[in-house]
Amino acid sequence: MYNWLTDCVFYVAAALLVVSSLLVITSRNPVRSVLFLVLCFFCSSILWMLLEAEFLALVLIFVYVGAVMTLFLFVVMMLHIDLEKLKTNFVRYLPIGALIVLGMIGLMGYIIAPEHFSLLAPAHHGADYSNIKELGTALYTHYVYPFELAAVILIVAIISAISLAHRGPRGRKSQDVPSQLNIQRNDRVRLVDVPAEKKE
Amino acid sequence: MNFVIPDVVPAIPEIFMLAMTCIVLLSGLFLQRRYPSLPYMLSLLALVGAVVLTVALYKHTTEITFHNSYIIDHIGSILKVTILGTCFFVFLYCRRYVADRNILNTEFYVLCLFSVLGMMVLVSAYSFISLYLGLEIFSLPLYALIALQRDAARSAEAAMKYFIMGAVASGMLLYGLSMIYGATKSVDIAVVSQVLTSVPASQNLILVFGLVFVVVGVAFKLGGAPFHMWVPDVYEGAPSAVTLFIATAPKIAAFAMAVRLLVDMMPLYQVEWQHMLIVVALVSMAIGNFVAIVQTNLKRMLAYSSIAHMGYMSLGLLSGNAQGYSAASFYIIVYTIMSLGAFGMVTILSGKGFEMETINDYKGLNSRNPWLAFIMLLLMFSMAGVPPIAGFFAKLGVIESLVEAHLVWLAVLALVFAIIGAYYYLRVVKVMYFDAPEHQSRIDTTSMDTRIAISANGLFILVLGIFPGIIFNLCKAAF
Amino acid sequence: MDGNSIHNISMIIVFAPLVGAIIAGFFGKKLGPRMSHQVTIFLMTIAFVLAMYLAKLVFMDGQTYNGTIYTWGVSGSFQFNVGFLIDRLSTMMMLCVTFVSLAVHVYSIGYMHGDPGYQRFFAYISLFTFAMLMLVSANNFFQLFFGWEGVGLVSYLLIGFWFRRDNANFGSLKAFLVNRVGDFGFILGISAILNYFGSVDYQAVFDQVPQFAASNPTLSIIPGLHWSVITVICILLFIGAMGKSAQMPLHVWLPESMEGPTPISALIHAATMVTAGVFMVSRMSPLFELSQNALSLVLIIGSAGALFTGLIAIVQTDIKRVVAYSTLSQLGYMMAGLGASAFSAGLFHLFTHACFKALLFLGAGSVIIGMHHEQDMRKMGNLRKYMPITYVCFLIGALALSAIPPFAGYYSKDAIIEAVHASTIPGATIAYWCVLLGAFVTALYTFRAFFWTFHTQERMSDKVRAHLKESPWVVWAPLVALAIPSIFLGMILVGPMLYGKPPLLGDAIYVAPQYNVLAEMAKEYHGPWSMAFHSVMTLPFWLAVSGVFVAWLAYCGMPSLPEMFASRLRWAHATLTYKFGFDDFNQFFFVRGCRRIAGWCYRVGDQMIVDGFFVNGSGRVVQWVSRVSRHLQSGYLYHYAFAMILGLVVFLSWLVLG
């Protein structure tokens, strides 16, 4: 009973995940792509739930769906990307690409068969088991070094993003007196020699 | 749960580096108006301090801490010191270049320092997690650095290409590592190498499968063919100062990654990765040397030459004996010093508003500045492998190890490619010495400190050629 | 005092000249002439003083040192080391080299004054000193070869120092090429040693020699002809020595080397470099002593050279060439001494010769300065009136060279003649007659030059005579410094060097008991003075005196005599003027022959096959491949990603399925 239900949830969520991620890259409308991505995250969070990793499942929803994807949506809407233009070569390269992908899938299916891993399903815990506590303990003790490093990555990402995007204080409408004084005539006035009448 | 606070002493250089980087960042934010060169000075100080700490704290024993995440050993210390020293010279060469252009001053140094920190972490990584995090800390700033000159479209394109390709490669590496984790149930390199000795035959395929992805990831970071495609575009597109940085220290970090993942972790799968590296080395030497010949842009030519050099270096790794590993580490160190000099030359010769990029810009350099032309000659000869300069001994060591490993055919091919490669290095020399200059003016873009630095760099190559033992013995003791 | 301090001292001695050479060579233009010579001379002085101190350590305190300083490279089981072997022999050589070099440095201040290549000159001679010191201090064959080639290189540079003169270029090239012939033998010898003994370290090789000789291995030179390996090695090494020490028939370069500046002739082509061969053979005495054939060869080549090159000197008119040929002759004596197993006597002659030959050369140089760079003796005469100090010094040198007791040359040369006389190996009888007649010839040509230059009537032009005066003190001071040992060195050293118990050179030299001629001679030795008085009853003394007398007769007493000799004995005169035809034979056979063959090879081999087919052909192929393969780099991101994935798939299918 129990196994049957979880299996059922797993396969539905997994299938949905694969389909929606395919739709992310094939959808013609970028806004739809983003929404399919949201669906992807949602399905993955269900998979986390099945593994009893509630914390990760919720974080995935909060952070990615709640914050990151919302931001994405704004950006996509503002930039107005013409996906059609990007996809002009799509059909041309489709056959060879598909061939390679099929080859890869075949190989992986052959190699990553479950019997090669000899994995057992994780043991189930009781109701008083706290996934957050376990995670926190592991992060702050055993994995303290990688945890700190991850923090460094975040700093680096912030600095990189700001230094690339930030172009000095803008938006103020105050006058820049030195640049006004330094302006040359040629910067502002262009003299064009216009013929008196149109030559045939 | 009983938790023992890990021994942080071995990691003090990294901690110091992180602290100093933050200080540089803050000083740039708040004090740069008043002291414009403060971030630069502090950055140099950070590097010197880290070198001192690395040397002082190394106790000639292998120490593992942070729950198997961090290792400090002989080869790691050598590589760290080389990375830090290289970055020191990079800063010396770059100061004027960065100041002259529309590149954010503080951010440039901060990002470089972060990248160096990432390389140090990577060199000392002893688990998949810290290895991958180190890799990302060192790669992320590079992407940003390339695009830092924001008015150059070429740079933005290069940054984009590097970023996407880098992401693909990282993904592949991660995927490969996850396969190995799946088969061995551990992320610690020490544990994995232990488990591999008793792995059941059914899991063999998965491990090989993971290994292929790992080798691809490593080859991408090294810039070996056929995973090299980003190298020429990025080297050419990035501002020379950034190219100088990308072309030097990251090679050592990537080498460290190769040593940790292949030599330390998977010695039992040596046959498999040897086969792959043979292909990578051959294709790299072929593409690098052949395509370099037709280049007209010096940076692009050096990019192809770096691909070829990575091919030679892999020859040392793939020979699979201690002699080969030490020859490879000697090669990578010598290559880094040579490429530091060559790209450094490009950087310091470029003045405000013009780049010394194309080979034609070097016409008649001898009559414009004979000393710099001589240093460039030394560097080119060294890259071509002309005795008695260091590059020759680097190649010799690698080829010797191939012979030791009974791969004579590979050694012969390597020699053939080296001869082909000599052509384009000598062309630079020919242009410098025998062609008439296009501009008669003397070169005045260099300052005293850069002249001293570049002279030291070039002459060190020569000294290292006469006394290769200085570094070679260090490398030999590491394996 | 321990071995460490010897190590450090010898490091400083050897490398101080190198530092000087680097400073004067690279920064000479900035430093200016004055600073350049001050720096090099200062460093040379340090080297000389330390060499004296080293001599004290080695000779008085009996210390030796044999150790590696730096491992330059390792190839398989062979190590290429830089190391020092400081024993009595090398210390003696170092002392001699630094002393003469210092004298020549000082002398050059005056001689080279105002030359445009002044700094370059000082850099070269310091570099030469470094190379020579490396040679003598080596503890292995590679370093020996390094020094060997180093001195050869600097010698080439210095002979061609005035590179605008055609003669200088010709001479330098000739010296280089002839030396190459010798070096070829030398390196073959070293290779043979490496091959048979598996090491190039002196000590390691000499330790193996006794068992090796006991098994008496042979080597098939051509099928059916088996030679003892040791003999082959010795002969190959000796060919090297023949080149460097200018033994017949490889002597032809030394007279040509006189095109270089005179201080160089004194330093390199008389006192030090040319004796490298003698030094090397002595160093290899444990090898040579095991091969009687090799010893015979050394003896015969040496003594023949001593006589015949001496004869050539009689007809020379250039003052430097006379001294040059006398050098050849004296080198022959040294070799003859070594061949007779009297290594100590040969080396003894080397040291005394270094002093008096440097003296003669520098004296000749002083004359040349006075005569405004005129070297032809036919345009000199009666110079004693103008240059008294040079005159006296030159006379001392001439007396020493002619082996008139009690000057230095007498003791060493007489010892060699006696040793050859006492030797019993094949060829010793002929050799004895050669060296005996050589004594007469030596005195004859030496005093011919002496009388012709300093006595007889004045033949120079009035313009030259007006400026004729004694040279400045920097020129004559080294003369005096060298004159003193030229007088006394023989007396002082003869006892300890030849007959000491133990001999001065100690166990640096090995002499097999059956060849130990010096031990025979020691029975009749009763101190230097009695040896000098006793000489009146021996043949060599009277031969030398009669040589002096004949020279006096021919140039002062009856000046018509040389003319008469030249016209009556036309054939003999011609033979000597053409130097027994060595030069013409070489010119005709080797130079012209080589040019013919080279021309043919150039046209067919180089231009057609190599250039046409291989070089240009492969160049074109490479260019084509490059042009094609650059198109792989399209600039499109998806191409790049595709290449990556393709690579991945190829690897995967190969490794997983294959």
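Ranking C:PHE197, B:GLY458, B:THR54 by how far each Cα lies toward the positive end of the dipole of the protein assembly as shown (charges on Cβ) leaves B:GLY458 at the top. Just need log10 I(q)/I(0) for the protein assembly as shown at q = 0.05, 0.07, 0.08 Å⁻¹, Debye formula, equal scatterers on the alpha-carbon atoms, no solvent, rounded to two decimals. Those come out to -0.53, -0.86, -1.01, one per q. Taking the square roots of five times each eigenvalue of the Cα gyration tensor of the range C:292-567, the equivalent ellipsoid has semi-axes of 34, 20, 15 Å, listed largest first.
Dividing the radius of gyration of the alpha carbons in the range A:7-83 by their Kirkwood radius gives 1.03 for Rg/Rh.
Mind running the shape call on chain C? Use the C-alpha gyration tensor, a ≥ b ≥ c as the square roots of the eigenvalues: rounded below 1.5 for a/c, prolate if a/b tops b/c, oblate otherwise.
Prolate is the answer for chain C, as a/c is 1.5 or above and a/b outweighs b/c.
Against chain C, whose longest principal axis comes from its Cα atoms, helix C:616-629 is set at around 30 degrees.
Rounded, prolate or oblate: which fits the range B:236-292, taking a ≥ b ≥ c as square roots of the Cα gyration tensor eigenvalues, rounded meaning a/c under 1.5, else prolate when a/b beats b/c? Verdict is oblate for the range B:236-292.
Note on B:LYS352: no lysines have a C-alpha under 17 Å away, same-chain residues under 8 apart excluded. Of all lysines in the structure, the ones whose alpha carbon falls short of 23 Å from that of B:LYS185, not counting any fewer than 8 places away in one chain, are A:LYS133.
Dividing the mean sequence gap of close Cα pairs (under 8 Å, 6+ apart) by how many residues chain B holds gives a relative contact order of 14 percent.
Using Cβ point charges alone (K and R +1, D and E -1), the dipole size of chain B about the Cα centre works out to roughly 720 debye. Counting only Cβ charges, +1 for Lys and Arg and -1 for Asp and Glu, the dipole size of chain C around its Cα centre is about 1740 debye. When you restrict to C-alpha pairs under 8 Å that are six or more residues apart and normalise by the size of the range A:7-83, the relative contact order lands at 31 percent. Normalised by 2.2 N^0.38 Å, where N is the number of residues, the C-alpha radius of gyration of the range C:525-647 stands at 2.77. Sequence-distant contacts, meaning Cα pairs under 8 Å at least 6 residues apart, place the relative contact order of chain A at 14 percent. Considered as an equivalent ellipsoid built on the Cα gyration tensor, the range C:166-290 has semi-axes of 32, 16, 10 Å, the largest given first. Charge dipole (Cα centre; +1 on Lys/Arg Cβ, -1 on Asp/Glu Cβ; no other charges) of chain A amounts to roughly 1260 debye. Classified by the C-alpha gyration tensor, chain B has an oblate form. Its axis ratio a/c, with a ≥ b ≥ c, is 1.5 or above, and a/b does not exceed b/c.
Karplus-derived 3J(HN,Hα) values for the range B:347-362, using 6.51 cos²θ - 1.76 cosθ + 1.60 with θ = phi - 60°, are 5, 6, 7, 6, x, 5, x, 9, 10, 8, 9, 7, 5, 5, 4, 8 Hz; glycine and proline are entered as x. Taking the longest Cα principal axis of chain C as reference, the axis of helix C:118-137 is set at about 90 degrees. Amide H to amide H distances under 5 Å link B:TYR70 with B:THR65, B:TYR126, where only residues 5 or more positions off or on other chains count and H is placed in the peptide plane. Within the straight-line cut-off of under 14 Å between alpha carbons, the aspartates and glutamates reachable from C:LYS385 are C:GLU458, C:GLU470, sequence neighbours fewer than 8 places apart in one chain being disregarded. Only helices enter the 222 nm calculation for chain C: every DSSP H run of n ≥ 4 contributes -39,500 (n - 2.57), and dividing by all residues gives -22000 deg cm²/dmol, rounded to 500. Let me know the whole percent of all Cα-Cα pairs from the range C:1-139 that are separated by more than 26 Å. In whole percent, the share of Cα-Cα pairs in the range C:1-139 beyond 26 Å is 29.
Using the structure shown, select from B:LYS80/B:LYS221; B:LYS59/B:LYS251; B:LYS430/C:LYS30; B:LYS251/B:LYS299 the pairs with a Cα to Cα distance greater than 19 angstrom. Correct reply: B:LYS59/B:LYS251; B:LYS430/C:LYS30. Pairwise Cα distances in the range B:348-479 exceed 20 Å for 55 percent of all pairs.
Values quoted throughout were computed directly from the atomic coordinates according to the rules given, and no laboratory measurement underlies them. Treat the numbers as computed from the prediction; the structure is a model and nothing was measured. Please note: Cβ atoms are built from the backbone with ideal geometry, for glycine as well, and neighbour counts cover all protein chains shown.
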